[in-house]
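The values are calculated or read from the model by the stated rules, or taken from the named source; none is laboratory data. None of these values were measured; they are calculated from a predicted model. Because the Cβ atoms are built from the backbone with ideal geometry, glycine has one as well, and the counts that use them run over all protein chains shown.
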Ligand SMILES: [Fe+2]
């Protein structure tokens, strides 16, 4: 079984459709933030449902469902969520409300952020290896016997590995294959629709549990068209400009 694991699509239909049409996989799994920021939440949510609808809640889905928390978002993020609310039909909102915080499959688990309190949407960046949220996630994985967690939220692809002495090693992830040993791993899949690692492409991972193989991938997509759609919809210019920069 080869899973295509996508996080932080952020309503970028150009990036999402390019990856789905050009990658080979058996099933698609989504790690949250399918919507927000960019122009096409309707098409992205529709595609999500058409490709199986298996995924977890991100903070932008949570904000769409609970507009009372919008004060916690940046102005650009808030405008993207308000655009989402007016763009998608009520039945999609009903479906969105059923998304779990955490989803376990085989020996791995999906969560948009960390496992201790997923709906608090804490950030653990690659430089935060001593983060208590990260340590808590490894503890929860041990309790449930999960070897791997796939996460997103920071838009920075990276690998957190728990060593035998329980300290954490961090690797920034670049395109390539990683064969897992018996350690536990928290793997950030990066962002499909709003790269922030300086590489303006769609970032994602493939996972084959039988081979214990995680493949980090990035793919070019039509950045110009995605940015133009953002400008057409009257969304913040910065949300379009950053796609060219990958920041
Ligand atoms: Fe995000």
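Among the residues in the range 130-144, are any touching a residue at least 24 places away in the same chain (Cβ under 8 Å), within 21 Å of residue 59 (Cα to Cα) and within 16 Å of the ligand (Cβ to nearest atom)? No, the range 130-144 contains no residue that is touching a residue at least 24 places away in the same chain (Cβ under 8 Å), within 21 Å of residue 59 (Cα to Cα) and within 16 Å of the ligand (Cβ to nearest atom). Of the residues 69, 28, the single one that is free of Cβ contacts under 8 Å to residues at least 12 places away in the same chain and not in a loop (DSSP other than H, G, I, E, B) is 69. When residue 16 is tested against (1) farther than 22 Å from residue 148 by Cα; (2) surrounded by fewer than 24 Cβ atoms within 10 Å (Cβ to Cβ); (3) in contact (Cβ under 8 Å) with a residue 60 or more places away in the chain; (4) more than 13 Å from the ligand (Cβ to nearest atom), just one condition goes unmet, and that condition is (2). Evaluation of residue 100 against the conditions (1) away from the ligand (no atom under 16 Å from the Cβ); (2) under 17 Å from the mean Cα position of the chain (by Cα); (3) farther than 25 Å from residue 238 by Cα; (4) crowded, with 16+ Cβ neighbours inside 10 Å shows that the sole unmet condition is (4).
Of the listed requirements (1) more than 17 Å from residue 37 (Cβ to Cβ); (2) without any contact (Cβ under 8 Å) to a residue 60 or more places away in the chain; (3) part of a loop (DSSP other than H, G, I, E, B), residue 216 misses just one: (3). For the range 219-239, state whether one or more residues are surrounded by fewer than 19 Cβ atoms within 10 Å (Cβ to Cβ), modelled with pLDDT of 95 or more and closer than 16 Å to residue 5 by Cα. Looking through the range 219-239, at least one residue is surrounded by fewer than 19 Cβ atoms within 10 Å (Cβ to Cβ), modelled with pLDDT of 95 or more and closer than 16 Å to residue 5 by Cα.
Residue 52 meets all of the listed conditions (1) farther than 18 Å from residue 16 by Cα; (2) more than 16 Å from the ligand (Cβ to nearest atom); (3) out of contact with any helix residue (DSSP H, G or I) (no Cβ under 9 Å at 6 or more places or on another chain) but one, namely (1). What number of residues in the range 145-179 are in a strand (DSSP E or B), touching a helix residue (DSSP H, G or I) at 6+ places or on another chain (Cβ under 9 Å) and within 16 Å of the ligand (Cβ to nearest atom)? Qualifying residue count for the region: 1. Within the set 42, 62, the sole residue that is in contact (Cβ under 8 Å) with a residue 40 or more places away in the chain, crowded, with 16+ Cβ neighbours inside 10 Å and away from the ligand (no atom under 16 Å from the Cβ) turns out to be 42.
When the range 180-209 is examined, which residues are found to be assigned to a strand (DSSP E or B) and more than 14 Å from the ligand (Cβ to nearest atom)?
Step one: filter the range 180-209 for residues assigned to a strand (DSSP E or B), giving 184-188, 202-208.
Answer for the range 180-209, where residues must be assigned to a strand (DSSP E or B) and more than 14 Å from the ligand (Cβ to nearest atom): 184, 185, 186, 187, 205, 206, 207, 208.
Tell me whether the range 8-25 contains one or more residues that are touching a strand residue (DSSP E or B) at 6+ places or on another chain (Cβ under 8 Å) and under 21 Å from residue 185 (Cβ atoms). Among the residues of the range 8-25, at least one is touching a strand residue (DSSP E or B) at 6+ places or on another chain (Cβ under 8 Å) and under 21 Å from residue 185 (Cβ atoms), which makes the answer yes. Pairing each residue of the range 106-121 that is closer than 12 Å to residue 147 by Cα and assigned to a helix (DSSP H, G or I) with any residue that is within 15 Å of the ligand (Cβ to nearest atom) and modelled with pLDDT under 95, provided the two are 6+ apart or on different chains, yields no C-beta distance under 8 Å.
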